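Below you'll find the structure, written out as structure tokens, and then a few comments.
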Amino acid sequence: MTRSEVVILQEPALDPGALDEVRSILSQMGIVYREETLPALPSLAALHRLAESVSQSVCIVCAGRSAHVLPTLAASISPQQPLIIMPCPGPNAPETYLDTVFDAMRGYPVAYTRPFDAQGAALLAVHLLVGRHPSYADILSAFVQKKYLQPA
């Protein structure tokens, strides 16, 4: 089994279309990724197993209603583990709720995108991979140049 460079963690109730752009960008760049669903009612043991399963992959977490698990997840992974959080506010997880949860994560090495910024999350993930695989710098640069040279 090939190790995934990126793991996308999503909650069960998230609109699957929210991640389409992440999938598209990673696929276009030839980056191996996999998706996992956050447990609906996570136990500490389940979160530790999830943290172990993502090993050294860059993680993109789509955080909405399940954002309350993020501090435990961040504490369970290695400080060198790249963790990108894409807020996904909604009726059951307004931005004020997410802001409160994110405040509890101060001090952890995490990056945040704007709400529903799938493109930003994917490009940040690839940027973090450049440190491991310098060849990704060329792929990232080519992708960005192609995107901005295309007519609108």
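Bear in mind that the values in this text are calculations on the coordinates, not laboratory data. The structure displayed is predicted, hence computed values, not measured ones. A quick note on method: Cβ atoms are made from the backbone with ideal geometry, for glycine too, and the neighbour counts reach across all protein chains shown.
Loop only by DSSP, 13 or fewer other Cβ within 10 Å of the Cβ. Give me the trypsin sites (Lys or Arg not before Pro) in region 2-85 that pass, ordered by residue number.
On the way: sites: 3, 23, 34, 49, 65; in loops: 3.
The qualifying sites are 3.
Take the alpha carbon atoms of region 8-39, find their center, do the same for region 61-84, and report the distance between the two centers in whole angstrom.
The two parts, judged by their Cα centres, are 16 Å apart.
May I ask you to evaluate 6.51 cos²θ - 1.76 cosθ + 1.60, the Karplus curve with θ = phi - 60°, for each residue of region 71-83 and list the ³J(HN,Hα) values in order in whole Hz, giving x for glycine and proline?
After applying 6.51 cos²θ - 1.76 cosθ + 1.60, I find x, 5, 5, 4, 6, 8, 9, 5, x, 7, 6, x, 10 Hz.
Please state the charge dipole magnitude for the chain, taken about the Cα centre, from unit charges on C-beta atoms (+1 on K and R, -1 on D and E), reported in debye and rounded to the nearest 20.
Working: 10 positive and 13 negative charges, 63 e Å.
Taking the Cα centre of the chain as origin, the dipole is about 300 debye.
Take the chain, connect every pair of alpha-carbon atoms lying under 10 Å apart with a spring to form a Gaussian network, then pick out the residue of 60, 25, 84 with the largest mean-square fluctuation.
The residue that fluctuates most here is 25.
Hey, of (i) 23; (ii) 31; (iii) 19, which did the structure itself give for percent of Cα pairs over 26 Å apart when calculated?
Matching entry in (i) 23; (ii) 31; (iii) 19: (i).
Quick one: which residues, 5+ away or cross-chain, put their amide H under 5 Å from the amide H of residue 60? H built at 1.01 Å from N.
7, 8, 9, 84
Quick one: length gained pulling residue 119 to residue 48 fully straight, 0.36 nm per residue minus the C-alpha distance? Mind dumping the intermediate values first?
On the way: separation 71, 0.36 × 71 = 25.56 nm, distance 2.81 nm.
So the extension gain works out to 22.8 nm.
Just going by the charge dipole of the chain, with Lys and Arg at +1 and Asp and Glu at -1 on Cβ, which of 96, 38, 22 is farthest out on the positive end?
22
Along Cα→Cβ, 7 Å out, is where each label goes; now give me the distance between the ones at residue 56 and residue 143 in nm to one decimal.
Those two pseudo-labels are separated by 2.0 nm.
I need to check one value: relative contact order of the chain, counting alpha carbon pairs closer than 8 Å and at least 6 residues apart, in percent. Numbers along the way, then the final one.
Details: 215 pairs, mean separation 37.5, N = 152.
Computed value for the chain: 25 percent relative contact order.
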